[in-house]
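Colleague: Let me begin by handing over the structure; questions about it come next.
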Amino acid sequence: MEPIIQVEHVSKTFQSTTGPVSALNDVSFTIDKGEIFGIIGLSGAGKSTLVRCLNLLERPTQGDVIVNGSNLCAMTEKQLRESRRKIGMIFQHFNLLMQRNVLDNVCFPMEIAGVSRRKARERALELLRTVGLEDKARSYPVQLSGGQKQRVAIARVLAGDPEILLCDEATSALDPQTTKSILELLQNINRTYGITIVVITHEMSVIQQICNRVVVLDHGELAESGTVEALFRAPKTEAARRLIITGMEQVEQMKGARLIRLTFDNHSSFEPVIGNLVLQYKTPVNIMYANTRDVGGMAQGEMILQLPDGEIGDRMIDYLREKSLGVEVLKDYVE
(Lines give C-alpha, C1' and ligand atoms only; values in the text may rest on other atoms or scores of the structure.)
Protein backbone atom coordinates (compact mmCIF):
# COMPACT_ATOMS: atom_id res chain seq x y z
CA MET A 1 0.00 0.00 0.00
CA GLU A 2 1.10 3.56 -0.72
CA PRO A 3 1.49 5.75 2.39
CA ILE A 4 -0.36 9.05 2.34
CA ILE A 5 0.81 10.22 5.80
CA GLN A 6 4.23 9.52 7.32
CA VAL A 7 4.86 10.64 10.90
CA GLU A 8 8.59 10.48 11.54
CA HIS A 9 10.03 10.87 15.06
CA VAL A 10 7.56 13.60 16.00
CA SER A 11 7.92 15.24 19.41
CA LYS A 12 6.01 18.21 20.76
CA THR A 13 6.97 20.18 23.86
CA PHE A 14 4.92 23.04 25.30
CA GLN A 15 6.31 25.71 27.59
CA SER A 16 4.42 26.28 30.84
CA THR A 17 4.91 28.43 33.92
CA THR A 18 6.44 25.41 35.65
CA GLY A 19 8.74 24.51 32.76
CA PRO A 20 8.56 22.41 29.56
CA VAL A 21 5.78 19.82 29.18
CA SER A 22 6.25 16.94 26.73
CA ALA A 23 2.98 16.15 24.89
CA LEU A 24 4.53 13.82 22.28
CA ASN A 25 7.80 11.95 22.40
CA ASP A 26 9.40 10.40 19.27
CA VAL A 27 6.17 9.15 17.65
CA SER A 28 6.48 7.40 14.26
CA PHE A 29 3.93 5.58 12.08
CA THR A 30 2.51 5.58 8.55
CA ILE A 31 -1.06 5.73 7.25
CA ASP A 32 -1.85 4.13 3.91
CA LYS A 33 -3.86 5.84 1.21
CA GLY A 34 -7.54 4.94 1.38
CA GLU A 35 -7.50 3.21 4.78
CA ILE A 36 -9.41 4.02 7.96
CA PHE A 37 -6.76 4.42 10.64
CA GLY A 38 -7.26 4.72 14.39
CA ILE A 39 -5.39 6.66 17.06
CA ILE A 40 -6.53 5.68 20.56
CA GLY A 41 -5.51 6.69 24.05
CA LEU A 42 -6.87 7.81 27.38
CA SER A 43 -7.30 11.46 28.31
CA GLY A 44 -3.93 13.19 28.34
CA ALA A 45 -2.28 10.60 26.08
CA GLY A 46 -1.48 13.21 23.43
CA LYS A 47 -4.14 12.33 20.85
CA SER A 48 -5.41 15.86 20.18
CA THR A 49 -1.88 17.24 19.98
CA LEU A 50 -0.96 14.51 17.51
CA VAL A 51 -3.95 15.11 15.24
CA ARG A 52 -3.16 18.84 15.17
CA CYS A 53 0.39 17.96 14.17
CA LEU A 54 -0.94 15.97 11.20
CA ASN A 55 -1.99 19.20 9.48
CA LEU A 56 0.52 21.39 11.32
CA LEU A 57 -2.03 23.37 13.30
CA GLU A 58 0.56 22.45 15.92
CA ARG A 59 4.13 22.53 14.62
CA PRO A 60 6.21 19.62 15.99
CA THR A 61 9.18 20.57 18.14
CA GLN A 62 11.10 17.79 16.41
CA GLY A 63 10.42 15.37 13.57
CA ASP A 64 8.58 15.52 10.27
CA VAL A 65 5.04 15.06 8.97
CA ILE A 66 5.01 14.01 5.32
CA VAL A 67 1.70 14.11 3.41
CA ASN A 68 1.52 12.87 -0.18
CA GLY A 69 5.30 12.88 -0.33
CA SER A 70 5.68 16.52 0.80
CA ASN A 71 7.13 17.50 4.17
CA LEU A 72 4.66 19.88 5.81
CA CYS A 73 7.32 21.00 8.29
CA ALA A 74 9.47 22.37 5.46
CA MET A 75 6.68 24.36 3.78
CA THR A 76 6.10 28.09 3.73
CA GLU A 77 2.85 29.35 5.24
CA LYS A 78 1.40 29.80 1.75
CA GLN A 79 2.33 26.24 0.74
CA LEU A 80 0.95 24.94 4.02
CA ARG A 81 -2.40 26.66 3.51
CA GLU A 82 -2.64 25.04 0.08
CA SER A 83 -1.82 21.59 1.46
CA ARG A 84 -4.38 21.93 4.24
CA ARG A 85 -7.13 22.29 1.63
CA LYS A 86 -6.86 18.54 1.11
CA ILE A 87 -7.08 17.74 4.83
CA GLY A 88 -10.55 18.09 6.35
CA MET A 89 -11.41 17.92 10.07
CA ILE A 90 -14.52 17.07 12.03
CA PHE A 91 -14.75 17.56 15.77
CA GLN A 92 -16.75 16.50 18.82
CA HIS A 93 -18.51 19.87 18.74
CA PHE A 94 -19.98 20.49 15.34
CA ASN A 95 -19.01 24.16 14.85
CA LEU A 96 -21.94 24.96 12.57
CA LEU A 97 -22.91 28.53 11.74
CA MET A 98 -26.11 28.94 13.74
CA GLN A 99 -27.43 31.85 11.68
CA ARG A 100 -27.23 29.83 8.44
CA ASN A 101 -29.48 26.99 7.40
CA VAL A 102 -28.12 23.52 6.62
CA LEU A 103 -27.71 24.15 2.89
CA ASP A 104 -25.85 27.41 3.45
CA ASN A 105 -23.60 25.77 6.06
CA VAL A 106 -22.50 23.21 3.47
CA CYS A 107 -22.09 25.94 0.83
CA PHE A 108 -19.86 28.05 3.08
CA PRO A 109 -16.43 26.51 2.25
CA MET A 110 -17.29 26.61 -1.47
CA GLU A 111 -18.17 30.30 -1.21
CA ILE A 112 -14.75 30.95 0.33
CA ALA A 113 -13.13 28.99 -2.52
CA GLY A 114 -14.91 31.18 -5.11
CA VAL A 115 -17.35 28.55 -6.43
CA SER A 116 -20.43 30.09 -8.09
CA ARG A 117 -23.61 30.15 -6.00
CA ARG A 118 -25.45 27.84 -8.40
CA LYS A 119 -22.69 25.22 -8.49
CA ALA A 120 -22.19 25.44 -4.73
CA ARG A 121 -25.86 24.79 -4.03
CA GLU A 122 -25.98 21.89 -6.49
CA ARG A 123 -22.93 20.32 -4.87
CA ALA A 124 -24.29 20.98 -1.35
CA LEU A 125 -27.57 19.22 -2.17
CA GLU A 126 -25.63 16.27 -3.57
CA LEU A 127 -23.60 16.03 -0.36
CA LEU A 128 -26.71 16.32 1.81
CA ARG A 129 -28.10 13.33 -0.09
CA THR A 130 -24.85 11.48 0.67
CA VAL A 131 -25.23 12.09 4.41
CA GLY A 132 -28.99 11.44 4.38
CA LEU A 133 -30.17 14.99 5.13
CA GLU A 134 -31.52 16.32 1.86
CA ASP A 135 -34.89 16.95 3.53
CA LYS A 136 -33.21 19.18 6.16
CA ALA A 137 -31.67 21.61 3.67
CA ARG A 138 -33.80 24.54 4.87
CA SER A 139 -33.57 23.71 8.58
CA TYR A 140 -31.33 25.56 11.01
CA PRO A 141 -28.81 23.87 13.35
CA VAL A 142 -30.97 24.57 16.40
CA GLN A 143 -33.65 22.33 14.86
CA LEU A 144 -31.33 19.34 14.44
CA SER A 145 -30.29 16.47 16.70
CA GLY A 146 -26.65 15.91 17.58
CA GLY A 147 -26.29 13.19 14.98
CA GLN A 148 -27.85 15.37 12.29
CA LYS A 149 -25.51 18.24 13.17
CA GLN A 150 -22.53 15.92 12.79
CA ARG A 151 -23.83 14.80 9.39
CA VAL A 152 -24.03 18.43 8.29
CA ALA A 153 -20.47 18.98 9.54
CA ILE A 154 -19.32 15.96 7.52
CA ALA A 155 -21.09 17.22 4.38
CA ARG A 156 -19.47 20.63 4.86
CA VAL A 157 -16.00 19.07 5.08
CA LEU A 158 -16.66 16.97 1.96
CA ALA A 159 -17.52 20.17 0.07
CA GLY A 160 -13.79 20.96 0.08
CA ASP A 161 -12.98 17.66 -1.73
CA PRO A 162 -10.47 16.46 0.88
CA GLU A 163 -8.15 13.53 0.37
CA ILE A 164 -7.80 13.04 4.13
CA LEU A 165 -10.42 13.37 6.86
CA LEU A 166 -9.29 13.79 10.48
CA CYS A 167 -12.01 12.89 13.00
CA ASP A 168 -11.10 14.17 16.48
CA GLU A 169 -13.47 12.48 18.98
CA ALA A 170 -16.19 13.03 16.38
CA THR A 171 -18.69 10.70 18.08
CA SER A 172 -17.91 11.41 21.75
CA ALA A 173 -20.96 13.65 22.22
CA LEU A 174 -23.36 11.14 20.63
CA ASP A 175 -25.37 8.22 22.00
CA PRO A 176 -24.33 4.66 21.01
CA GLN A 177 -26.93 4.18 18.26
CA THR A 178 -26.16 7.56 16.68
CA THR A 179 -22.43 6.82 16.98
CA LYS A 180 -22.97 3.57 15.07
CA SER A 181 -24.81 5.38 12.27
CA ILE A 182 -22.13 8.09 11.97
CA LEU A 183 -19.39 5.46 11.78
CA GLU A 184 -21.33 3.61 9.09
CA LEU A 185 -21.58 6.90 7.19
CA LEU A 186 -17.81 7.40 7.44
CA GLN A 187 -17.24 3.87 6.13
CA ASN A 188 -19.53 4.61 3.19
CA ILE A 189 -17.65 7.85 2.46
CA ASN A 190 -14.36 5.96 2.57
CA ARG A 191 -15.66 3.39 0.08
CA THR A 192 -17.40 5.89 -2.20
CA TYR A 193 -14.80 8.64 -2.37
CA GLY A 194 -11.61 6.79 -1.43
CA ILE A 195 -10.89 9.35 1.30
CA THR A 196 -8.31 8.35 3.89
CA ILE A 197 -9.90 8.66 7.34
CA VAL A 198 -8.02 9.06 10.62
CA VAL A 199 -10.15 8.42 13.72
CA ILE A 200 -8.94 9.84 17.05
CA THR A 201 -10.84 8.43 20.03
CA HIS A 202 -10.62 7.01 23.55
CA GLU A 203 -13.28 4.36 22.79
CA MET A 204 -12.17 0.91 21.66
CA SER A 205 -15.68 0.16 20.37
CA VAL A 206 -15.28 2.95 17.79
CA ILE A 207 -11.92 1.57 16.66
CA GLN A 208 -13.34 -1.96 16.39
CA GLN A 209 -16.27 -0.89 14.24
CA ILE A 210 -14.48 1.21 11.67
CA CYS A 211 -10.66 1.00 11.63
CA ASN A 212 -8.22 -1.25 9.77
CA ARG A 213 -5.10 -0.45 11.82
CA VAL A 214 -4.52 1.43 15.06
CA VAL A 215 -1.81 3.03 17.19
CA VAL A 216 -2.09 3.28 20.98
CA LEU A 217 -0.78 6.46 22.61
CA ASP A 218 0.19 6.54 26.27
CA HIS A 219 1.58 9.66 27.96
CA GLY A 220 2.74 11.04 24.62
CA GLU A 221 4.48 7.88 23.46
CA LEU A 222 3.47 5.24 20.94
CA ALA A 223 2.81 2.22 23.14
CA GLU A 224 1.62 -0.25 20.51
CA SER A 225 0.50 -0.47 16.89
CA GLY A 226 -0.93 -3.06 14.52
CA THR A 227 -4.15 -4.34 13.05
CA VAL A 228 -7.27 -3.83 15.13
CA GLU A 229 -7.93 -7.58 15.22
CA ALA A 230 -4.43 -8.41 16.48
CA LEU A 231 -4.50 -5.65 19.07
CA PHE A 232 -7.90 -6.68 20.39
CA ARG A 233 -7.10 -10.37 20.56
CA ALA A 234 -3.66 -10.05 22.16
CA PRO A 235 -2.68 -6.61 23.50
CA LYS A 236 1.02 -6.54 24.34
CA THR A 237 1.28 -3.48 26.57
CA GLU A 238 -0.38 -2.31 29.76
CA ALA A 239 -1.68 0.82 27.98
CA ALA A 240 -3.40 -1.25 25.30
CA ARG A 241 -4.88 -3.64 27.85
CA ARG A 242 -6.37 -0.77 29.85
CA LEU A 243 -8.13 0.49 26.74
CA ILE A 244 -9.16 -2.85 25.32
CA ILE A 245 -10.12 -4.98 28.29
CA THR A 246 -13.31 -3.21 29.21
CA GLY A 247 -13.77 -5.42 32.24
CA MET A 248 -10.38 -4.59 33.75
CA GLU A 249 -11.94 -2.67 36.64
CA GLN A 250 -13.80 -5.81 37.67
CA VAL A 251 -10.77 -8.03 37.07
CA GLU A 252 -8.67 -6.09 39.54
CA GLN A 253 -11.16 -6.84 42.30
CA MET A 254 -11.28 -10.59 41.67
CA LYS A 255 -9.45 -13.18 43.74
CA GLY A 256 -7.93 -16.26 42.18
CA ALA A 257 -4.85 -17.18 40.20
CA ARG A 258 -6.35 -18.54 36.96
CA LEU A 259 -8.20 -15.82 35.10
CA ILE A 260 -8.27 -15.76 31.32
CA ARG A 261 -9.69 -13.31 28.81
CA LEU A 262 -11.47 -14.79 25.79
CA THR A 263 -12.04 -12.78 22.62
CA PHE A 264 -14.67 -13.82 20.11
CA ASP A 265 -14.22 -12.85 16.47
CA ASN A 266 -16.30 -14.38 13.67
CA HIS A 267 -17.21 -17.37 15.82
CA SER A 268 -20.70 -18.82 15.55
CA SER A 269 -23.11 -17.50 18.17
CA PHE A 270 -25.01 -20.77 18.02
CA GLU A 271 -22.19 -22.93 19.40
CA PRO A 272 -22.26 -23.03 23.22
CA VAL A 273 -18.48 -22.95 23.63
CA ILE A 274 -18.43 -22.45 27.39
CA GLY A 275 -21.15 -25.01 27.97
CA ASN A 276 -19.28 -27.54 25.86
CA LEU A 277 -16.09 -26.76 27.78
CA VAL A 278 -17.78 -27.58 31.09
CA LEU A 279 -19.27 -30.79 29.67
CA GLN A 280 -15.96 -31.86 28.12
CA TYR A 281 -13.98 -31.59 31.35
CA LYS A 282 -16.83 -32.09 33.83
CA THR A 283 -15.52 -29.11 35.78
CA PRO A 284 -17.31 -25.79 36.33
CA VAL A 285 -15.81 -22.45 35.34
CA ASN A 286 -16.74 -19.03 36.68
CA ILE A 287 -17.79 -16.31 34.22
CA MET A 288 -16.49 -13.19 35.94
CA TYR A 289 -17.28 -10.74 33.16
CA ALA A 290 -18.85 -10.84 29.70
CA ASN A 291 -19.40 -8.29 26.96
CA THR A 292 -20.47 -10.17 23.85
CA ARG A 293 -22.97 -9.58 21.09
CA ASP A 294 -24.39 -11.37 18.08
CA VAL A 295 -23.53 -9.77 14.73
CA GLY A 296 -25.16 -11.65 11.86
CA GLY A 297 -25.02 -14.97 13.70
CA MET A 298 -21.39 -14.49 14.71
CA ALA A 299 -20.18 -13.78 18.24
CA GLN A 300 -18.06 -10.70 18.86
CA GLY A 301 -16.69 -9.38 22.13
CA GLU A 302 -14.95 -10.76 25.19
CA MET A 303 -15.33 -12.79 28.37
CA ILE A 304 -13.24 -13.20 31.50
CA LEU A 305 -13.33 -16.71 32.99
CA GLN A 306 -11.95 -18.11 36.21
CA LEU A 307 -10.57 -21.60 35.58
CA PRO A 308 -9.38 -24.30 37.95
CA ASP A 309 -5.66 -24.44 38.70
CA GLY A 310 -3.38 -27.24 37.53
CA GLU A 311 -3.44 -29.51 34.51
CA ILE A 312 -7.17 -29.31 33.92
CA GLY A 313 -6.97 -25.55 33.58
CA ASP A 314 -4.15 -25.96 31.06
CA ARG A 315 -6.25 -28.40 29.07
CA MET A 316 -9.21 -26.03 29.11
CA ILE A 317 -7.03 -23.24 27.69
CA ASP A 318 -5.81 -25.59 24.93
CA TYR A 319 -9.43 -26.51 24.16
CA LEU A 320 -10.47 -22.88 23.81
CA ARG A 321 -7.51 -22.11 21.56
CA GLU A 322 -8.41 -25.09 19.37
CA LYS A 323 -11.82 -23.44 18.96
CA SER A 324 -10.00 -20.42 17.42
CA LEU A 325 -10.79 -18.13 20.33
CA GLY A 326 -8.31 -15.53 21.52
CA VAL A 327 -7.00 -16.55 24.96
CA GLU A 328 -4.98 -14.30 27.25
CA VAL A 329 -3.95 -15.23 30.78
CA LEU A 330 -4.74 -12.40 33.22
CA LYS A 331 -3.14 -13.70 36.39
CA ASP A 332 -0.77 -10.72 36.47
CA TYR A 333 -3.74 -8.43 36.99
CA VAL A 334 -5.32 -10.17 39.95
CA GLU A 335 -4.69 -8.93 43.49
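Colleague: Tell me, what HN-Hα J-couplings in whole Hz come from the Karplus equation 6.51 cos²θ - 1.76 cosθ + 1.60 at θ = phi - 60° for each residue of region 60-69, using x for Gly and Pro?
Modeller: Going residue by residue, I get x, 5, 9, x, 10, 10, 10, 10, 6, x Hz, with x marking Gly and Pro.
Colleague: Then there's this: Excluding residues on the same chain fewer than 8 positions from Lys33, give the aspartates and glutamates whose Cα lies under 13 Å from its Cα.
Modeller: The qualifying aspartates and glutamates are Glu2, Glu163.
Colleague: For Lys33 and Leu125 in the same chain, what is the full-extension length gain: residue separation times 0.36 nm, less their Cα-Cα distance, in nm?
Modeller: 30.4 nm
Colleague: Still on this structure, please answer the following. What's the ranking of 123-136, 36-49, 141-154 by average number of surrounding C-beta atoms within 10 Å, highest first?
Modeller: Final packing ranking: 36-49, 141-154, 123-136.
Colleague: Right, something else. Using a Cα-Cα cut-off of under 29 Å, which lysines could be cross-linked to Lys136, ignoring same-chain neighbours fewer than 8 residues away?
Modeller: Straight-line reach from Lys136, under 29 Å: Lys86, Lys119, Lys149, Lys180.
Colleague: Counting only other residues whose beta carbon sits under 14 Å from that of Tyr281, what net charge do I get with K and R as +1, D and E as -1?
Modeller: Net charge around Tyr281: -1.
Colleague: Let me ask something additional. Calculated from DSSP H runs of 4 or more alone, at -39500 (n - 2.57) each and per residue, what is the 222 nm mean residue ellipticity of the chain, nearest 500?
Modeller: -10000 deg cm²/dmol
Colleague: What are the ³J(HN,Hα) couplings of region 143-151, residue after residue, when phi is run through the Karplus curve with 6.51, -1.76, 1.60 and θ = phi - 60°? Round to Hz, x for glycine and proline.
Modeller: Going residue by residue, I get 8, 9, 7, x, x, 5, 4, 5, 5 Hz, with x marking Gly and Pro.
Colleague: Beyond 19 Å, how much of the Cα-Cα pair distribution for region 151-247 remains, as a whole percent?
Modeller: 44
Colleague: What does the convex hull of the Cα atoms of the chain come to per residue, in Å³, rounded to a whole number?
Modeller: Measuring per residue, one finds 167 Å³ for the Cα hull of the chain.
Colleague: Can you send over the carbon and sulfur percentage of the accessible area for region 105-202, probe radius 1.4 Å, protein chains only?
Modeller: Solvent-exposed carbon and sulfur of region 105-202 make up 48 percent of the total.
Colleague: Could you work out the relative contact order of region 76-222? I mean the mean sequence separation of Cα pairs under 8 Å and 6+ apart, divided by the number of residues, in percent.
Modeller: 28
Colleague: Okay, next question. What residues qualify as long-range amide H neighbours of Ala223, i.e. H under 5 Å apart, gap of 5 or more or another chain, H built at 1.01 Å from N?
Modeller: It is Val216, Leu217, Asp218, by chain and number.
Colleague: Please label the shape of region 202-241 as rounded, prolate or oblate, based on the square roots a ≥ b ≥ c of the eigenvalues of the alpha-carbon gyration tensor (a/c under 1.5 means rounded; beyond that, a/b larger than b/c means prolate, else oblate).
Modeller: It comes out prolate by the Cα gyration axes.
Colleague: How do Lys86, Lys119 rank by accessible surface area computed with a 1.4 Å probe, from largest to smallest?
Modeller: Largest to smallest exposure gives the sequence Lys119, Lys86.
Colleague: What percent do you get for the relative contact order of region 1-42 when only Cα pairs under 8 Å and 6+ apart count?
Modeller: Rounded, it is 44 percent for region 1-42.
Colleague: Please state the relative contact order of the chain as a whole percent: Cα pairs under 8 Å, 6+ residues apart?
Modeller: Answer for the chain is 18 percent.
Colleague: Further question: How far is it, in nm, from the label point at Leu279 to the one at Tyr140 when both lie 7 Å from their Cα along the line to the Cβ?
Modeller: 6.4
Colleague: Got a sec to turn the phi values of region 127-133 into Karplus ³J(HN,Hα) couplings, 6.51 cos²θ - 1.76 cosθ + 1.60 with θ = phi - 60°, whole Hz, x for Gly and Pro?
Modeller: Listing the rounded values in order: 5, 5, 5, 4, 8, x, 10 Hz.
Colleague: Among the DSSP beta bridges whose two residues both lie in the chain, what percent are antiparallel, rounded to the nearest 5?
Modeller: Antiparallel bridges: around 70 percent, rounded to the nearest 5.
The values are calculated or read from the model by the stated rules, or taken from the named source; none is laboratory data. None of these values were measured; they are calculated from a predicted model. Positions of Cβ are backbone-derived with ideal geometry, glycine not excepted, and every protein chain shown enters the neighbour counts. For the accessible areas, the whole protein counts, side chains as well, though only heavy atoms, and no ligand, DNA or RNA atoms are used. Shrake-Rupley method; radii C 1.70, N 1.55, O 1.52, S 1.80 Å.
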